[in-house]
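See structure below.
The values are calculated or read from the model by the stated rules, or taken from the named source; none is laboratory data. In this text, all values refer to a predicted model and were calculated from it rather than measured experimentally. As a convention, Cβ positions derive from the backbone with ideal geometry for all residues, glycine included, and neighbour counts pool all protein chains shown.
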Amino acid sequence: MSENELDTIDDSYDVVIIGAGNGGLAATAFLAQKGLKVLMLEQHNLPGGVATSFVRGRFEFETSLHELASYGPESNKGSIRRMFEDMFQLDTEFVQVPEAYRLIVTHPEEKMDVSIPFGVENMIDAIEKEVPGSRESVRNFFRLAKEIGEAFSYIGSTGGNPDQTLLLKEHANFLKTAAYSAQEVEDALGIPKRAQDILNGYWAYLGLPISRINFTIYAAMVDNYADLGGWIPTNRSHGYTTAFDEKIREFGGRIEYNTRVDKILVENGKIVGVETVNGDKIKTSYVICNASPTLTYNKLISPKSEVPEIAYKDVNARIHGLTGFVIYVGLDASAEELGLNEYGYFIMDSMNTEEVYDSWTSLQPPEGLACVVLNNALPDCSPPGTCILDITTLFRPEAWENVKPEDYYNIKNEIAEKLLIKFEKATGAPIREHIEEIEIATPVTFARYTRHYKGIFYGYEPESWDSIVPRLMSMGKDVYIEGLEFAGGFNRRLHGYSSSMGDGLISAQLTYAKIMKEREKA
Amino acid sequence: MNKENEEKLEVTVKSNTKDLFAFTKLVAERQKRIERASSEPITKDPINDLARKIHPDVQYLVIDEIKVETKSTKTFKLVPDPDSSTKELAIFRSGQYLSLKVKVNDVTITRPYSIASSPKDALNGFYELTIKKEEHGFLTSYIWDNWKVGAKIESSGPEGFFYYDPLRDFKHIVGIAGGSGITPFKSIALSIIEGNIDARLTVLYGSSDEDDIIYYDEFQALEKDYPDKFKFIHVLSCEVVSLEGCETGFITSDLIEKYCDVKTSSFFICGPQIMYNFLDNEMAKFELPPKKIRKEAFGEVKDVLSIPGYPQELAEKTFKITVHVGNYSKVIPAIATESILVALERANFAPPAKCRSGECGFCRSKLISGEVFISPISDWRRKADKKFNYFHPCSSYPTSDIEIVIPRTL
């Protein structure tokens, strides 16, 4: 028996957090800071989940972050910056990316190439310049977005039980748009089609067509980026996730990596502990699960008879979202030499988002890309004379379901080559002759590292009926097992880095309140 | 903009009543959809199944055949262990390796070996590894004594980044191999024949003696059957040479230029550390961009005293390592010139470790206190790992007593 095998963790904890992704990290930091006895278990040997980095040759690649929302400048801190700096004092550094995005649409009838700056007024000006006469309607989009943001804060502050009269009085515009798609509301605001296309640039970050995506969440996201800018960590996401790790330990919390939970033990509808594949048996009455409800109910809860029927129904009713495909390229020419002057590029065959989404349902070349040239925000992120380019697209996981292992590497290379060519055509930058390092992540790669159901990283799709408002207003009613909370991109705040961290915090607060109440009773 | 002067925004999507009514129905609608949904558990996840097929955590293998290649090398044919959960072998890209986990006298160690067989062979149920017996080699002595047909071997999935990439590399691969560093090129050659790599292959293969050459006959046959695809040049460093058509001495820049157009070739180098030291100087003469030269990680640095910056005065010392893993702690001794990973393995710890070259990241550990020397030629740490004192035990050496947290074994 090796010394490693002598190590087991058989102990009891106030709360066990499963998964050290964005949601798990925020939840654990909060509870550890409050002085609870907490243990976070992570299957991988690093924190972060998809919020990490990896090294190939002379390059350290960002795994999935394009830019963080809700961070903001010192003078206008967003909720994430307040969490990092004021709440936890994380030892981490962020910089603002230079512009919102450059949108290149290649369809001959829709041709567009426009750079959009941050700042609500700047955005309105840039769109007006491209689409004269759009100013008033686009301004109304942002005014409405602001009101929606305020309504979200109000609903959040009531724990999902808003006063309907107050909502009607103070947040009428929010109420009247909450049930509609972005398409329906943008039409109602009278925004010209071409201006809509520009405003819809961020659509792929939520990953469903403008005709299906709930307006309130889309508008809130656009407004958040416009107002606070997009921010990235100077040491990749691994920089802040490792800073979380440091802080959690400093707060007295415990983290174990290479430790995969395979059972969440439930008795009489209540959490009683967890077991790991390493053989640990841990007692706890509270679990915050950074894994999805889909994975948790179908695989983790033990015994299976403890999974209530309603939990399966809940999971089956939701529309499982997208997974992705990322080409990480280390180039042996600088961004300047290549003529790549922007940080973020959205390259779309068309702004008919239904068509683009449809292209993600098969292995045909994807029609929408979101690309990042990291050096244009972090000039020193790679050696002089080089730069880092990430090209991201999305897939419905079903597109990959019938891939055979023997075809896997060829398929991923073929898709990658088509996307590299697409990027070259759109930007004019000769990428392929400068590839020094290249790595490609597919849905299979995301499944490999996260073990999320089908490798999905975009949570459940936020159509209006399952967008943030109904999810928030169902809070508490969707706890099917006592002591179990979820945290992360599949939960109430929807997917995305900031949302996942914010959600982790809410779940931690709810769990903390329950524990305090119990202690008071005792 | 002056907000007070602005008219209050009034939005209507369909009609005032309809819009408000739609809101009141949102939660009810969600509830209704959930109630109506199926209550069947989800039992299938083809994407995770595929991920586990391509990247298994572990493969249980058994030796099916042993071929003696030279006086010091053998080829082991490995197939799935019928008594295990391994039913098929993971596909790989020619040039990748398997990390074998071997128990030698109750001490568990790992070692990476390049796969010599082809990806198609893996689909047909076998891998081949050609292993050279090292003089005084702790592991290879054990292998020579104990690995018979039927012996069970625990392996990782395929790992490593030393493979041809059509998106990056030129269509002429120039392999430069030393000793058992030839093994990945056999796999690459087979992939070319099987149509999985669309490129030509020229290999400059350095051996110290004629009877040390591995795969001589196979390479002769390949060259004969596919003259437009392959060229194998044997470079012998021994004094007396009887072999026809071979080169003598070392693999110099002149020799390389003699057999390829340097500008339109991608170089793949695999061999012992000492060959890399020599080739670095030779290759530098071509002033090639880094993208054209790929080197396989050569495993642990053999002689840390030769690495620039190593504090020579510590060579004779032994330090204490306080090791923490999960709930367990122990103090173990460590010889200054041996990697911390070797010290851990000697003390019967078995942390995850695959490449043993600082590249794969699996042994990533936290330095709580004390100092280590990190071999600069095997330092692939992330920026934040440097900042927060993480290191890779396989490429780090203690320069004081240290306290560390090592990863658990999953």
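Restricting to region A:153-191, give me the number of residues that are in contact (Cβ under 8 Å) with a residue 60 or more places away in the chain and either assigned to a loop (DSSP other than H, G, I, E, B) or within 11 Å of another protein chain (Cβ to nearest Cβ) (or both).
Start the filter on region A:153-191 by keeping residues that are in contact (Cβ under 8 Å) with a residue 60 or more places away in the chain, which leaves A:155-156, A:159-162, A:178-181.
This time we only want the ones that are either assigned to a loop (DSSP other than H, G, I, E, B) or within 11 Å of another protein chain (Cβ to nearest Cβ) (or both), so: A:159-162, A:178-181.
Total satisfying the criteria: 8.
Look at region B:387-398: where a residue is in a strand (DSSP E or B) and a partner is modelled with pLDDT of 95 or more and aromatic (Phe, Trp, Tyr), sitting 6+ places away or on another chain with Cβ atoms under 6 Å, you get B:Tyr397/B:Phe373; B:Pro398/B:Phe319. Evaluation of A:Asn45 against the conditions (1) in contact with a Pro (Cβ under 7 Å, 6 or more places away or on another chain); (2) assigned to a helix (DSSP H, G or I); (3) not hydrophobic (A, V, I, L, M, F, W, C) shows that the sole unmet condition is (2). Does B:Glu345 qualify as being part of a loop (DSSP other than H, G, I, E, B), charged (D, E, K, R), in contact (Cβ under 8 Å) with a residue 24 or more places away in the chain and at negative phi? Spelling it out, it is not the case that B:Glu345 is part of a loop (DSSP other than H, G, I, E, B), charged (D, E, K, R), in contact (Cβ under 8 Å) with a residue 24 or more places away in the chain and at negative phi.
Only one of the numbered conditions (1) at pLDDT 95 or above; (2) facing another protein chain (nearest Cβ under 10 Å); (3) farther than 24 Å from A:Gly239 by Cβ is not met by B:Arg382, and that is (3). B:Arg30 fulfils the conditions (1) outside any helix (DSSP H, G or I); (2) at the interface with another protein chain (Cβ under 7 Å from one of its Cβ atoms); (3) among the basic types (Lys, Arg) except for a single criterion, (1).
The single condition among (1) at the interface with another protein chain (Cβ under 10 Å from one of its Cβ atoms); (2) part of a loop (DSSP other than H, G, I, E, B) that A:Ala416 does not satisfy is (2).
Being assigned to a strand (DSSP E or B) and surrounded by fewer than 16 Cβ atoms within 10 Å (Cβ to Cβ) is true for just one of B:Lys77, B:Lys67, B:Lys87. Which residue is that? Answer to the selection: B:Lys67. Looking only at residues in region B:360-379 that are part of a loop (DSSP other than H, G, I, E, B) and within 12 Å of chain A (Cβ to nearest Cβ), the one that is nearest to B:Tyr276 (Cα to Cα) is B:Asp379.
The rows are residues; the columns are (1) buried (at least 22 other Cβ atoms within 10 Å of the Cβ); (2) closer than 19 Å to A:Lys418 by Cβ; (3) outside the structural domain of A:Glu99 (by TED's automatic domain parsing).
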site: A:Ile288; (1), (2), (3): yes, no, yes
site: A:Ser302; (1), (2), (3): no, no, yes
site: A:Gly330; (1), (2), (3): yes, no, no
site: A:Met348; (1), (2), (3): yes, yes, no
site: A:Thr353; (1), (2), (3): yes, no, no
site: A:Leu363; (1), (2), (3): no, yes, no
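Checking each residue in region A:459-485 for being part of a loop (DSSP other than H, G, I, E, B), more than 8 Å from every other protein chain (Cβ to nearest Cβ), surrounded by fewer than 22 Cβ atoms within 10 Å (Cβ to Cβ) and touching a residue at least 24 places away in the same chain (Cβ under 8 Å) picks out A:Glu461, A:Glu463, A:Met475, A:Gly476, A:Asp478, A:Tyr480, A:Ile481, A:Gly483.
Can you tell me which residue within region B:328-359, out of those that are buried (at least 19 other Cβ atoms within 10 Å of the Cβ), more than 10 Å from every other protein chain (Cβ to nearest Cβ) and hydrophobic (A, V, I, L, M, F, W, C), is farthest from B:Leu305 (Cα to Cα)? Across region B:328-359, the extreme among qualifying residues is B:Ala353. If the condition is being within 14 Å of chain A (Cβ to nearest Cβ) and under 16 Å from B:Tyr60 (Cβ atoms), then region B:106-127 contributes B:Thr108, B:Thr110, B:Ala122, B:Gly125.
Just so you know, in region A:235-258 the residues that are outside any helix (DSSP H, G or I) and more than 8 Å from every other protein chain (Cβ to nearest Cβ) include one that is nearest to A:Leu65 (Cα to Cα), and it is A:Ile255. In region B:42-49 there is at least one residue that is modelled with pLDDT of 95 or more, assigned to a loop (DSSP other than H, G, I, E, B) and at the interface with another protein chain (Cβ under 7 Å from one of its Cβ atoms).
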